[in-house]
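Trainee: Below you'll find the structure I mean.
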Amino acid sequence: MKNKKHGLAAILALALAFTLGGCQKAATPERLLGEMAAKTAKMESCTMNMDMDMKIAASIEGFDMDMDMGMDIDMEVTTEPARVHGNGKLSMDVMGQNVDMDMEMYSLQEDGKNLSYVKIYDTWLKQETEDMTATMEAYTFKDIQELSQSLELADETQTENDKECYVLSGNISGDAIKGMLDTVLSNMSSSGLDMDTDAFADTRLDYRLFIDKEDKYPVKMTMDLKDLMESAMNASQNEVNFTCGGCDFTYVFTGFNTVASIELPDEARESATDMEGLTDGLLDDGAAFEGEDFSDISSELSGDLDDL
């Protein structure tokens, strides 16, 4: 009888240990990405900071130009309705001349259209964009589990933004890239920098994702887009040779379910200039430069930048 009591006590102790987590399932990329996707699928809003640093060199008919470009934008996203708001700074260094400007942008659906509004130098511009579904799915990491075979889980956790995080990293290629870049490309097109996603088919990017160990929300993600940007820019221009010295994107997630709503200001809606008509006009004017000798452009460009 005594041995039976001891046996029963051992079974109860084992069951208690199991209940308290003594036999927790091991963390794997697939499991962590699935848990994170489940959390973000239910979120109503999120806030984040997007930081970009890109270095470009361009060459056309013997004329060389170097440009550094940076973005530092605080962003907020709501899922119902699907809206994005960003506010921050855009900086450029062209041939040693610095240009810094404040930038604000909205992406939303209005009158049955998907519209992007961007404010630069106190002027609002707008353009019609593609369906926001893919962009919102990128913000909510809908297809993140598809990357489980491309990412490896670090042996140790790492502290980011005062949170203990699992760290997943890897080299992503193929169709998976497009899904990961929908968010980035939507922001860049809102800034007048549109990219051809067909050029991404044969390129790769280095990717790191930090997931909160406690609540499984994303904390930070980084992407090295150097090869992608170089391929995309050269694919869109036949006469200009681009090289990219570096293009780093960092997203830091600062909050979840804290944004009540995102409202487009009346000033933007009432005063915005249609960007499509504006760019068409610039392209028409550009036809006059066919056959132009670019060897003297350097001094002219420097003078124009000095007047900014």
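Trainee: LYS119 - would you say it is in contact with a Gly (Cβ under 7 Å, 6 or more places away or on another chain), part of a strand (DSSP E or B), open to solvent by 40 Å² or more (accessible area, probe 1.4 Å) and not polar (S, T, N, Q)?
Mentor: In short, no.
Trainee: Take the residues of region 25-39 that are over 18 Å from SER150 (Cα atoms) and not hydrophobic (A, V, I, L, M, F, W, C): which is least open to solvent (accessible area, probe 1.4 Å)?
Mentor: Looking at residues that are over 18 Å from SER150 (Cα atoms) and not hydrophobic (A, V, I, L, M, F, W, C), I get LYS39.
Trainee: Of the residues that make up region 31-49, is at least one touching a residue at least 60 places away in the same chain (Cβ under 8 Å), of a type in the set (D, E, K, R) and assigned to a strand (DSSP E or B)?
Mentor: Checked against the condition, which is being touching a residue at least 60 places away in the same chain (Cβ under 8 Å), of a type in the set (D, E, K, R) and assigned to a strand (DSSP E or B), region 31-49 yields no hits at all.
Trainee: Further question: Just give me the residues in region 230-254 being touching a strand residue (DSSP E or B) at 6+ places or on another chain (Cβ under 8 Å), farther than 17 Å from ASP68 by Cβ and open to solvent by less than 40 Å² (accessible area, probe 1.4 Å), in sequence order.
Mentor: VAL240, TYR251, VAL252, PHE253
Trainee: Further question: Being open to solvent by 80 Å² or more (accessible area, probe 1.4 Å) and modelled with pLDDT of 95 or more narrows it down to one of GLU44, GLU61, GLU80, GLU76, so name that one.
Mentor: Every option except GLU44 fails the conditions.
Trainee: Can I ask one more? Under 6 Å between Cβ atoms, at least 6 apart or on separate chains: pull out the pairs that start in region 258-285 with a residue that is at pLDDT below 90 and end on any residue that is of a type outside the set (D, E, K, R) and open to solvent by less than 80 Å² (accessible area, probe 1.4 Å).
Mentor: If the second residue must be of a type outside the set (D, E, K, R) and open to solvent by less than 80 Å² (accessible area, probe 1.4 Å), the pairs left are MET275/LEU125; MET275/GLN127; GLU276/GLN127.
Trainee: For GLU76, state whether it is part of a strand (DSSP E or B), more than 15 Å from GLU263 (Cα to Cα) and either out of contact with any strand residue (DSSP E or B) (no Cβ under 8 Å at 6 or more places or on another chain) or of a type outside the set (A, V, I, L, M) (or both).
Mentor: Against the criterion (part of a strand (DSSP E or B), more than 15 Å from GLU263 (Cα to Cα) and either out of contact with any strand residue (DSSP E or B) (no Cβ under 8 Å at 6 or more places or on another chain) or of a type outside the set (A, V, I, L, M) (or both)), GLU76 does not qualify.
Trainee: Now for a separate question. Do we find that ASP100 is touching a Leu at 6+ places or on another chain (Cβ under 9 Å), free of Cβ contacts under 8 Å to residues at least 24 places away in the same chain and over 30 Å from GLY170 (Cα atoms) in this structure?
Mentor: yes
Trainee: Looking at region 94-116, which of the residues that are crowded, with 21+ Cβ neighbours inside 10 Å and among the small types (Gly, Ala, Ser) is farthest from LYS42 (Cα to Cα)?
Mentor: So the residue we want is SER116.
Trainee: Report, ordered by the first and then the second residue, all pairs with beta carbons closer than 9 Å, sequence separation of six or more or different chains, a first member in region 219-236 that is at negative phi and touching a residue at least 60 places away in the same chain (Cβ under 8 Å), and a second member that is aliphatic (A, V, I, L, M) and open to solvent by 10 Å² or more (accessible area, probe 1.4 Å).
Mentor: Cβ pairs passing all conditions: LYS220/VAL252; MET229/ILE56; MET229/MET195; MET233/ILE56; MET233/ALA58; MET233/MET195; MET233/ALA199; MET233/VAL240.
Trainee: Same structure, new question: Inspect region 84-106 for any residue being at pLDDT 90 or above, hydrophobic (A, V, I, L, M, F, W, C) and in a loop (DSSP other than H, G, I, E, B) and give the result as yes or no.
Mentor: no
Trainee: Kindly check whether there is at least one residue in region 219-229 that is buried (at least 19 other Cβ atoms within 10 Å of the Cβ) and out of contact with any strand residue (DSSP E or B) (no Cβ under 7 Å at 6 or more places or on another chain).
Mentor: No, that holds for no residue.
The values are calculated or read from the model by the stated rules, or taken from the named source; none is laboratory data. Just so it is clear, the structure is predicted and the values come from calculations on it, not from any experiment. All Cβ positions, even for glycine, are placed from backbone atoms using ideal geometry, and neighbour counts span all protein chains on display. Accessible surface is based on the protein model in full, side chains and every heavy atom, while ligands, DNA and RNA are left aside. Shrake-Rupley method; radii C 1.70, N 1.55, O 1.52, S 1.80 Å.
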